[in-house]
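Please treat every number below as a calculation from the coordinates, not as lab data. These numbers come from a predicted model, not from an experiment. All Cβ positions, even for glycine, are placed from backbone atoms using ideal geometry, and neighbour counts span all protein chains on display.
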Amino acid sequence: MKTIFTTMIVGAILVVGASAALAADAAAGTWKLNLAKSTYSPGPAPKSQTRSYVESERGLTVTIKTVAADGRESTATLTFKDDGKPYPSSGNPDYDMVSVMRVDPLTVHSTQMRAGKTVGAGVRTVSKDGKTLTFSQKLTDKSGVKHDDVAVYDRQ
C-alpha cells in the first residue's frame, strides 16, 4: 500500500511539473540584440537593445531597453496575454496598444495599434534550441515612415 501511495504522489508531482514546463513561454528570459544578424529598413539600426520577458499571473511582461543610433536611451513595456485582445503599451511613440495571438509553442503574431488604428504587425519566434529569438515587424511609425525590420536576439 505504501508503494502505491508513493508512486501516486511521485506521478502527481511529475504531471504538475510537466504541465508547468509546458505552460512557460519559450521567450521567458533575457535577450540581447545581435546586430550582425539583424536588418533594419530603412534604418538606422539601434546601437543596442535588450528584451526581458517575465511571466506572472497577469501575463507575460516584456521590457525593451534600447540605445538608439543617436545614443538616446528608451524603455518600452507591455504586459499581455496571447489571447488576441489589445493591451496597453508604454514607452514606444509608434504604438500604444498591442494584441498577441499564439500560433504554436514557439511563435506568436502581434498587431501594433496607435489611437485605435493598426500600424504594424509582427512575428516573434524562438528557435527550437531556445537560444535565438527573432522578431520580424512591418510598421508605419508616427511620422508615416514604413519599416520592415528583422531583429535577431541571443539568449543571455
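Taking every residue in the stretch 129-156 that is touching a residue at least 60 places away in the same chain (Cβ under 8 Å) and within 18 Å of ALA28 (Cα to Cα) and pairing it with any residue that is of a type in the set (A, V, I, L, M, F, W, C) and in a loop (DSSP other than H, G, I, E, B), at least 6 positions away or on another chain, the pairs with Cβ-Cβ distances below 7 Å are GLY130/ALA26; LEU133/ALA27. Here ALA27 meets each of (1) touching a residue at least 60 places away in the same chain (Cβ under 8 Å); (2) over 19 Å from VAL100 (Cα atoms) with one exception, condition (2).
For TYR95, the conditions (1) assigned to a strand (DSSP E or B); (2) surrounded by 14 or more Cβ atoms within 10 Å (Cβ to Cβ) all hold with the exception of (1). Restricting attention to the stretch 109-128 and to residues that are closer than 19 Å to GLN49 by Cβ and free of Cβ contacts under 8 Å to residues at least 40 places away in the same chain, the residue that is farthest from the chain's Cα centre (by Cα) turns out to be GLY120. Pairs meeting the criteria (first residue in the stretch 51-64 and in contact (Cβ under 8 Å) with a residue 40 or more places away in the chain and closer than 15 Å to VAL126 by Cα, second residue assigned to a strand (DSSP E or B) and charged (D, E, K, R), beta carbons under 9 Å, at least 6 apart or on different chains) are ARG51/LYS32; ARG51/LYS65.
Output the residues belonging to the stretch 121-132 that are closer than 17 Å to ASP82 by Cα and either surrounded by 15 or more Cβ atoms within 10 Å (Cβ to Cβ) or among the β-branched types (Val, Ile, Thr) (or both). Selection gives GLY122, VAL123, ARG124, THR125, VAL126.
Let's see how each residue does on (1) exposed (fewer than 15 other Cβ atoms within 10 Å of the Cβ); (2) on the phi > 0 side of the Ramachandran plot; (3) touching an Asp or Glu at 6+ places or on another chain (Cβ under 6 Å):
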{"residue": "TYR53", "(1), (2), (3)": "no, no, no"}
{"residue": "SER56", "(1), (2), (3)": "yes, no, no"}
{"residue": "ILE64", "(1), (2), (3)": "no, no, no"}
{"residue": "ALA115", "(1), (2), (3)": "yes, yes, no"}
{"residue": "GLY144", "(1), (2), (3)": "yes, yes, no"}
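For the stretch 98-116, filtering for residues that are touching a Lys or Arg at 6+ places or on another chain (Cβ under 9 Å), in a strand (DSSP E or B) and closer than 26 Å to SER127 by Cα leaves 6.
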